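Worksheet for the structure shown next.
The values are calculated or read from the model by the stated rules, or taken from the named source; none is laboratory data. All figures in this text were calculated on a predicted structure; none of them were measured in a lab. Virtual Cβ from ideal backbone geometry, glycine too; neighbours counted across all protein chains shown. Please note that ligands, DNA and RNA were not included when accessible areas were found on the heavy atoms of the full protein model with its side chains. Shrake-Rupley method; radii C 1.70, N 1.55, O 1.52, S 1.80 Å.
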Amino acid sequence: TNSTLLQLFRYTFVGGAAFIADFGTLYILTEYFKIHYLVSAAISFILGLLINYFLSVKWVFNSRAMKNRTLEFLLFTLIGVIGLGLNELFLWILTDVLLIYYLLSKIFTTIIVYFWNFFARKFLLFRKQ
């Protein structure tokens, strides 16, 4: 479908699957492997990005602005890297500056990055030509 509302609805499920992988990996790497939470967040975010790409292409967006799939993935990744920067920035502000527990900070941060990722990808990559 090309309906933004339906795509947003589907993207919520895709984002949910990516979030579970992201959040779970963040927790495991930080709590069990004792990796600093910002490093864990970067690693877990990349895992979520890969899950998000494959599910978005298969189920959420049916229109693609680019024929070159490598370039499409690179731009998808660039949007994700900007999202990662936002993720790290807001996670740091909420956790280190405002002293909110890092997992709670991750939930707030995810909401912000979710909207950035969806609308950037929809309008830059998965629009009708």
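Note the full-extension length gain between Leu103 and Leu50 as 0.36 nm times their separation in residues minus their Cα-Cα distance, in nm to one decimal.
17.0 nm
If r is the Cβ-Cβ distance from Ser3 to His36 and R0 is 35 Å, what FRET efficiency results, to the nearest 0.05?
0.25
For all pairs of alpha-carbon atoms in the stretch 5-72, what percent lies in each bin of width 5 Å, listed from the first bin to the last filled one?
With 5 Å bins starting at 0, P(r) equals 4, 18, 21, 18, 15, 12, 8, 4, 1.
Provide the per residue accessible area, probe 1.4 Å, for the chain, rounded to a whole number of square angstrom.
55 Å²
How much net charge surrounds Glu88 when only other residues with a Cβ under 15 Å from its Cβ are counted (Lys, Arg +1; Asp, Glu -1)?
Here the count lands on -1.
Just to verify a number: FRET efficiency for Asp96 and Leu124, C-beta to C-beta distance, R0 = 30 Å, to 0.05?
Efficiency, rounded to the nearest 0.05: 0.45.
How far, in degrees from 0 to 90, does helix 4-27 lean away from the longest principal axis of the Cα atoms of the chain, to the nearest 10?
Compared with the principal axis, the helix lies near 30 degrees.
Take the chain, connect every pair of alpha-carbon atoms lying under 10 Å apart with a spring to form a Gaussian network, then pick out the residue of Glu88, Glu72, Glu31 with the largest mean-square fluctuation.
Glu31
For the stretch 88-129 and the stretch 1-57, what is the centre-to-centre distance using only Cα atoms, to the nearest Å?
Measuring centre to centre over Cα atoms gives 11 Å.
Using 0.36 nm per residue of separation minus the Cα-Cα distance, give me the extension gain between Lys58 and Phe13 in nm, one decimal.
14.9 nm
What part of the accessible area of the chain, given as a whole %, is carbon or sulfur when the probe is 1.4 angstrom?
Carbon-and-sulfur percentage of accessible area, whole number: 77.
State the label only: which of (i) 32, 24, 12; (ii) 28, 14, 13; (iii) 38, 26, 14 corresponds to semi-axes √(5λ) of the Cα gyration tensor in Å computed from the shown model?
Structure-derived value, by its label: (ii).
To test your reading of the geometry: what angle, between 0 and 90 degrees and rounded to tens, separates the Cα axis of helix 69-92 from the longest principal axis of the chain?
30 degrees
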